[in-house]
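Undergrad: Sharing a structure below in structure tokens format, with a few things to ask.
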């Protein structure tokens, strides 16, 4: 037994789990393994073993923690409201302090620098076309060689553009922008200072880096206009800046943040009519964990889409798809077992197209051969922009 | 035998499997095995025998009586990877399942046939069918349909000899002694369940769910008796007291009246005409006893009410971080009286209690709430628990309705059974497991003469926490 290691978890939060086990079926890693160490209850018990009873931070403990997707599907399932995300983030932060060699420590720094990310992405796009990287195995999408330029159109709302999504999937931002503009709203775009929201760093336990990115992001999206986000993971992070940064300004910033579908759902009347109802094709709505479990704002997606397409829900109670930000790259085997369940759920719906409001899920599912679109890409194609 | 990646020995995993959802801490697993087939379970039992270890089966680990807590580092056989639906025969309304299949997953899988598995413990979204067989589990809807034993046609069991046998008959009644009946509820002490032939129940054509609210526990309890006395057998009658109403409402937001002293959820099902008439009659009886009535308008509202009821025990940490959930059964006509005593006992020991239970069959679930970290609290918790059990037995009740005896009530068994009774049970168990190798230390008090009923200290040291 090693010296007692504090994981820096708030003792009251750690004591708040009664070990009833009702979270187990809502945990993707428990669902595919059936093993206690891979469940929220088991992970909390393991944290207690270390923090309260002096157990060693050994390979079994690290594996229990690092295999957590941090989807937070256990949180809405918990009758006692255990703040699992907060327990896991504190644990990851303590572990990160011991892991100097972790590639994520420097790797994620790139995300904060737009020019660097853009340069690396363009290089990667070229190398991909020379077939020099095993993209699928690395969980990468085909990165575009050139990106269209987005231009601001007013100051009614901000559109948060982020890092990887802006570098790899800017065409999604463009579609989202057209749809928002079609309601008559003008869009502001963040300047060069804004990049990554910090979510990936926070999940890897790099709290200080996440906080620095949060402060930069806040600085780039000033004023009082609503901040629309078309990536569920980023939206969840932005909405939690209040807790992460811990200032009244950050809390006020978080209150301005909305998933773009939340903003759009009450404004559907302002959209022009349907030009092409692409809807003979059935669309299955995949709820990204950070929209459903963290933001708890997944209903507007189906509400918006239903006007333009035939929408079906998946019957798996929002169980994670295994993408989890960098998770698919860090834990490829578990990520693909988890994805198998999602693919089965998609197949049961008979839908040909899946709508996902999170870029990570989109990439992960598309790598398994599923046709995945952002919900507003489907809307953008359906509405009559001239009408 | 098993491939090595399904055998575990890491210290962390052995301690994680040292407990279930009960009050007990401090159990510790020996080697942990995750078999996927009957043959692999046989391999596990053979290995345990060779190494002179006991075997303890474990499903999802949601037991509330410590039945799956491993004592003295036994080999633990976890059935969660044996989770397949083996076959469904919709015409004969039955299915073969593996023991690790989750209760609710079975009903979801058979929903396309219009069939479901009737026993629905509150933990049904996670508990395993093997565990349901082990504890002869109940659930809100067992009032009309009967508990697990009534829904198990046959079980395949690996005995501690290593032999696999089938008890019962999946396509009719088995000749001879009802060994299936003896096995269901044996809490892992007669062998390890490796497959189950379950009876499936047709989904009712119509369902109505009523939420009755009362300003006294007494009138709630009287309403329950009045409904049954009226000749109605609802699918479920569940009661929750004010403390639990407030805790679950914070979680589900189903519109439970947080100012009511007690609510009763009554569900009636069957043919539409009968359901409407019964629901009207239940409402009339409740109103007559001073209650108010709300009817669930649709499936969503119904689901939300049940979500509130079924998540009750997990909502405890909103008040205290630990619970001790009891499970005594009392005659329905004595409900109000025993509940009053429960409140008095809890007050006397300066604890908090929440009551949520299957009122229709008198199955009480007082939950004592406490914070284990508070010095000197555990003796008070145990003393209050013992007093609740004694009060229940004094009015002609029994120790357990559905959670099982496990370790929790083992030492209370002599309160209910004579030495001869206990000896008969021990001999029945030994007929299946002569060396007492399967889940030892559970259910039956150690030694033949267990006159000392207060001997909680007989439970191994450290386990009570």
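Here, each number is a calculation from the coordinates, and none is a lab measurement. Predicted, not measured: the structure shown is a model, and the values here were computed from it. We place every Cβ from the backbone using ideal geometry, glycine too, and count neighbours over all the protein chains shown.
Undergrad: Is chain B rounded, prolate or oblate when judged by the Cα gyration tensor, a ≥ b ≥ c being the square roots of its eigenvalues, rounded requiring a/c under 1.5 and prolate requiring a/b larger than b/c?
TA: The shape class here is oblate.
Undergrad: On average, how much area does the Cα convex hull of region A:11-96 cover when viewed from any direction, in nm²? Write down the numbers at each step before the final one.
TA: Values: hull surface 20.0 nm².
Quarter of the Cα hull surface area: 5.0 nm².
Undergrad: Please compute the average number of Cβ atoms from other chains found within 10 Å of each residue's Cβ in peptide A:38-45.
TA: For this peptide, the per-residue mean of nearby foreign Cβ atoms is 3.
Undergrad: Moving on. Running a GNM on chain A with Cα contacts under 10 Å, which residue among A:22, A:305, A:365 ends up with the highest mean-square fluctuation?
TA: Between A:22, A:305, A:365, it is A:22 that shows the largest mean-square fluctuation.
Undergrad: For region B:107-250, take the convex hull of the Cα atoms, compute a quarter of its surface area, and give me that in nm², please. Walk me through the intermediate numbers first.
TA: Details: hull surface 47.1 nm².
Spelled out: convex hull of the Cα atoms, projected over all directions, averaged, 11.8 nm².
Undergrad: For residue B:348 and residue A:337, FRET efficiency with R0 = 41 Å and r from the beta-carbon atoms, rounded to 0.05?
TA: 0.20
Undergrad: Starting from one equal scatterer on each C-alpha and no solvent at all, send me the Debye-based log10 I(q)/I(0) for region B:318-458 at q = 0.13 Å⁻¹, two decimals.
TA: Debye output, listed in q order: -0.61.
Undergrad: I'd like the antiparallel share, as a percent to the nearest 5, of DSSP beta bridges with both residues in chain A.
TA: About 5 percent, rounded to the nearest 5.
Undergrad: Let me ask something else. Can you tell me what percent of all Cα-Cα pairs in chain A are more than 41 Å apart?
TA: Looking at chain A, the distances longer than 41 Å represent 11 percent of pairs.
Undergrad: Something else about it: Kindly rank B:268-276, B:221-229, A:47-55, A:353-361 from highest to lowest mean number of other beta carbons found within 10 Å of each residue.
TA: Ranking the peptides B:268-276, B:221-229, A:47-55, A:353-361 by packing returns A:353-361, B:221-229, A:47-55, B:268-276.
Undergrad: Could you rank the peptides B:164-171, B:315-322 by their average count of other C-beta atoms within 10 Å per residue, with the highest value first?
TA: B:315-322, B:164-171
Undergrad: Given a cut-off of under 8 Å on Cα pairs at least six residues apart, what relative contact order in percent is computed for chain B? Before the final figure, lay out each step's value.
TA: Details: 1007 pairs, mean separation 72.8, N = 465.
Reported relative contact order: 16 percent.
Undergrad: Normalised by the number of residues in region B:1-136, what is the relative contact order in percent for Cα pairs under 8 Å and 6+ residues apart?
TA: Relative contact order here is 22 percent.
Undergrad: Separate question: Have a look at region A:56-146 and give its Rg and Dmax from the Cα atoms, expressed in angstrom.
TA: 17.9, 53
Undergrad: Which peptide among B:6-16, A:371-381 comes first, and what is the full order, when sorted by highest mean count of other Cβ atoms within 10 Å? Walk me through the numbers before you get to the answer.
TA: On the way: B:6-16: 18.7, A:371-381: 22.0.
Top to bottom by mean Cβ count within 10 Å: A:371-381, B:6-16.
Undergrad: Turning to a different aspect of this structure: How far is helix A:170-182 tilted off the main Cα axis of chain A, in degrees rounded to 10, range 0 to 90?
TA: The angle comes out at about 60 degrees.
Undergrad: Given Cα positions, please report Rg to Rh for the protein assembly as shown, the hydrodynamic radius being the Kirkwood one.
TA: 0.99
Undergrad: Work out how far the C-alpha atoms of region A:1-159 reach from end to end along every principal axis, then list the three figures in whole Å, largest first.
TA: 54, 41, 29
Undergrad: Quick one: divide the alpha-carbon radius of gyration of region B:4-78 by 2.2 N^0.38 Å and tell me what you get.
TA: 1.02
Undergrad: State the percent of C-alpha pairs, over all pairs in region A:110-264, separated by a distance greater than 19 angstrom.
TA: Numbers: 6493 of 11935 pairs.
Roughly 54 percent, rounded to a whole number.
Undergrad: Continuing with the same structure: Only helical DSSP H runs with n ≥ 4 go in: add -39500 (n - 2.57) per run for chain B, normalise by residue count and round the 222 nm mean residue ellipticity to 500 deg cm²/dmol.
TA: Details: 14 runs with 146 residues, N = 465.
Computed ellipticity for chain B at 222 nm equals -9500 deg cm²/dmol.
Undergrad: On a 0 to 90 degree scale, rounded to 10, what angle separates helix B:38-50 from the longest Cα axis of chain B?
TA: Tilt of helix B:38-50: around 60 degrees.
Undergrad: Report the antiparallel proportion of the DSSP beta bridges in the protein assembly as shown as a percent, rounded to a multiple of 5.
TA: Counting only bridges with both partners in the protein assembly as shown, antiparallel ones make up about 70 percent.
Undergrad: Taking the Cα centroid of region A:220-295 and of region B:1-66, what is the distance between the two, rounded to the nearest whole Å?
TA: Centre-to-centre (Cα) distance: 45 Å.
Undergrad: Here's a follow-up. What's the center-to-center distance, using Cα atoms, between region B:379-425 and region A:132-192 in Å?
TA: That distance is 66 Å.
Undergrad: Okay, moving on. Indicate the gyration tensor shape class of region B:206-314 (rounded, prolate or oblate), computed on the Cα atoms with a ≥ b ≥ c the square roots of the eigenvalues: a/c under 1.5 is rounded; otherwise a/b larger than b/c is prolate and the rest oblate.
TA: Since a/c reaches 1.5 but b/c is at least a/b, the shape of region B:206-314 is classed as oblate.
Undergrad: In deg cm²/dmol, rounded to 500, what helix-only [θ] at 222 nm does chain A give when every DSSP H run of at least 4 residues adds -39500 (n - 2.57) and the total is split over its residues?
TA: -13000 deg cm²/dmol
Undergrad: Turning to a different aspect of this structure: What average number of partner chain Cβ atoms lie no more than 10 Å from the Cβ of the residues making up A:56-67? Please list the in-between numbers first.
TA: Details: counts 2, 0, 3, 2, 8, 3, 0, 2, 4, 0, 0, 0.
Average per residue, whole number: 2.
Undergrad: Report the far tail of the P(r) of region A:226-308, meaning the percent of Cα-Cα pairs longer than 17 Å.
TA: Beyond 17 Å sits 53 percent of the P(r) for region A:226-308.
Undergrad: Between 0 and 90 degrees, rounded to the nearest ten: what's the tilt of helix B:242-252 against the longest Cα principal axis of chain B?
TA: Helix B:242-252 sits at roughly 80 degrees to that axis.
Undergrad: How big is the shadow of the Cα convex hull of region B:264-365, averaged over all directions, in nm²? All intermediate terms of the calculation are to be shown ahead of the outcome.
TA: Working: hull surface 32.4 nm².
Average of the hull's projected areas for region B:264-365 equals 8.1 nm².
Undergrad: What is the average number of partner chain Cβ atoms found within 10 Å of a Cβ in B:5-17? Mind dumping the intermediate values first?
TA: On the way: counts 0, 1, 0, 4, 1, 7, 7, 15, 7, 1, 6, 12, 5.
Mean partner shielding for this stretch: 5.
Undergrad: Any idea what the relative contact order of region A:272-382 is, in percent, if you count C-alpha pairs under 8 Å spaced at least 6 apart?
TA: On the way: 166 pairs, mean separation 38.6, N = 111.
The value is 35 percent.
Undergrad: Follow-up question, since we're still on this one. Taking the Cβ-Cβ separation of residue B:420 and residue B:50 as r and a Förster radius of 51 Å, what is the calculated FRET efficiency to the nearest 0.05?
TA: Computed FRET efficiency for residue B:420 and residue B:50 comes out at 0.90.
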